[in-house]
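Some notes on the structure that comes next.
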Amino acid sequence: MNDKSYSPSSTAAWSALHSKASDTKEARITDLFATDPQRVNKFSLSVGDLFLDFSKNLVSDSVWSALLALAEQSPLESHRSAMFSGQPINNTEGRAVLHAALRAELTDAKTDEEKARITQVKEQLQAVKQASDKIRAGQWLGSTGKAITDVVNIGIGGSDLGPKLACAALEEYSHPDLNLHFISNVDGAEILTTLKKLNPETTLVALASKTFTTQETLLNAKTAIDWFKEKLGLENAQSTSHFVGLTANPDNAKAYGIPDDQILAFADWVGGRYSLWSSIGLSIAISIGFEQFEQMLAGAREMDIHFQQAPLERNMPVIMALLGIWYSNFLNIESTAVIPYCERLLLLPSYLQQLDMESNGKATQRNGEPVDYETGAILWGQTGTNGQHAFFQLLHQGTRTVPIDFIAAAKDNLSNAEHHPVLLGNMLAQSAALMTGQAAPEGQQHRFYPGNKPSNTLLLKELSPKNFGALIALYEHKVFVQGSIWNINSFDQWGVELGKKMANEFLAGDLETADFDPSTQALFAFIEENS
Ligand code: F6P
């Protein structure tokens, strides 16, 4: 089947999986363990310092073979080569998808074009190094000659979530005297409350926007510019040492007034939600230092190499993607949860929501045909043990099944010998309890735990920059594999455009309140009356 005529639902593997799904209704994960002493060995693997145990899934050997057959019958492998070699696989925008080139080494280049690309990336990352080194050394001075102590990253979506997550996750490595702040929402309370706490003389704003056109980011930037004017009498603060621009659109940043040598550029083949590896990650380099930032890139590269070279059946992103497809498309499960047992990964579910749901929340195939199957699952989550005291009741005894990714670090230098075993013990107990369940004592049906709830457990040796990089790249590639099999373009985001357009038209006065539907008109009226 060539790529143009491909649709997953027309493959032999798809039909086979549907019939296996009806047989699975009666299956129990615990029985799969009981009949196969090798199950854990077969259904687990390591990549670098990451260990994935996927044995607690509702997947028999025969289902697993059929899922692998689905991957083989899809254009996944050719699509993967197309992505890494820079073909414009983002077909609706005619763009290549090359975030992996941001973490590649020159030795990875197979062609002169690839060599030139990696050389350009290295040059752009040098600018990140220079800026972050200078700030960390106290040599980047504000307009009154004082060293920077606070960096405010203003950006949204991919220009916020990745850097914010990385800075929180890698707290152990953070500079002791520098404070990082992240402003994303157009809700004025966010930026105004943050600025109130800061000294403008020692504050640097990193204006992070791939396009440099995003409404929320530009309004927040204006508020910051006004603040510098009010507090320091600075005219056009965006043209002083208090601002840097991080963007794939240097012309727009220049037109905005950012000086040339304070614009840190990256290529437009970096998707917004894949941009933390580029100059958008400046705040990460400021927080943990450029050498550790490079370690993060090295961990991601390790996962890139694994993804390209490991056979499908031992390929971590492929395995996680196939499990998600099994639950979504064949067992009709609508959502999936990511539950890190590590408070520093609190933002991981929000980060993954953009990565996964903005990438794979699509209903049109690459060939323009509508899909006749489900695509991206609803992803949500929270850290454990906190989640145990909130939504775990539903996971254990509710009517729905939610496959879970449990994530934890085996060793945690920021914790201690009293806390860490309790944290990990809770995670292991939860995944085991969800799978095994428990019969109810006579006459006490409310104490029945049905069990048979599937989960993956992903263990990192520790939450180092390298392992964090590998973890994020793992999910990036998982999303890619699912998009390839579902035959959708994971790299555009047209779904967010209509709402943006209507908001802009309304704010520009091109749309009257009366142009809206009756419900929206009533809401406007309430706001008018009460604001
Ligand atoms: O939400 C749409 C989106 O385009 C995201 O994909 C992107 O990460 C975000 O807006 C911010 O865009 P920019 O970096 O161009 O400001």
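Quick rundown of the values:
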read-out	value
Residue within the range 446-462 that is surrounded by fewer than 19 Cβ atoms within 10 Å (Cβ to Cβ), in contact (Cβ under 8 Å) with a residue 40 or more places away in the chain, assigned to a helix (DSSP H, G or I) and within 25 Å of the chain's Cα centre (by Cα) present	no
All positions within the range 298-311 that are open to solvent by 10 Å² or more (accessible area, probe 1.4 Å) and either aliphatic (A, V, I, L, M) or within 23 Å of residue 131 (Cα to Cα) (or both)	298, 305, 310
Count - residues of the range 504-531 that are open to solvent by less than 80 Å² (accessible area, probe 1.4 Å) and over 18 Å from residue 219 (Cβ atoms)	11
Residue that is farthest from residue 150 (Cα to Cα) [pool: residues in the range 187-211 that are open to solvent by less than 50 Å² (accessible area, probe 1.4 Å) and within 16 Å of the ligand (Cβ to nearest atom)]	210
Selection count where residues are more than 13 Å from the ligand (Cβ to nearest atom) and crowded, with 24+ Cβ neighbours inside 10 Å, scope the range 243-280	5
Positions within the range 143-186 being within 16 Å of the ligand (Cβ to nearest atom) and either assigned by TED's automatic domain parsing to the domain that holds residue 466 or acidic (Asp, Glu) (or both), in sequence order	160
Tally of residues being within 16 Å of the ligand (Cβ to nearest atom) and in a helix (DSSP H, G or I) across the range 481-501	9
Residue match in the range 124-143 (condition: open to solvent by 60 Å² or more (accessible area, probe 1.4 Å) and under 28 Å from residue 341 (Cα atoms))	no
Residue within the range 43-64 that is among the β-branched types (Val, Ile, Thr), outside the structural domain of residue 366 (by TED's automatic domain parsing) and within 29 Å of residue 294 (Cα to Cα) present	no
Hits in the range 41-71 (condition: within 26 Å of the chain's Cα centre (by Cα), farther than 17 Å from residue 306 by Cβ and open to solvent by 30 Å² or more (accessible area, probe 1.4 Å))	56
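The values are calculated or read from the model by the stated rules, or taken from the named source; none is laboratory data. The model shown is predicted, which means the values in this text are computed figures rather than measured ones. Quick reminder, even Gly has a Cβ in these numbers, built from the backbone with ideal geometry, and neighbours come from all protein chains shown. For the accessible areas, the whole protein counts, side chains as well, though only heavy atoms, and no ligand, DNA or RNA atoms are used. Shrake-Rupley method; radii C 1.70, N 1.55, O 1.52, S 1.80 Å.
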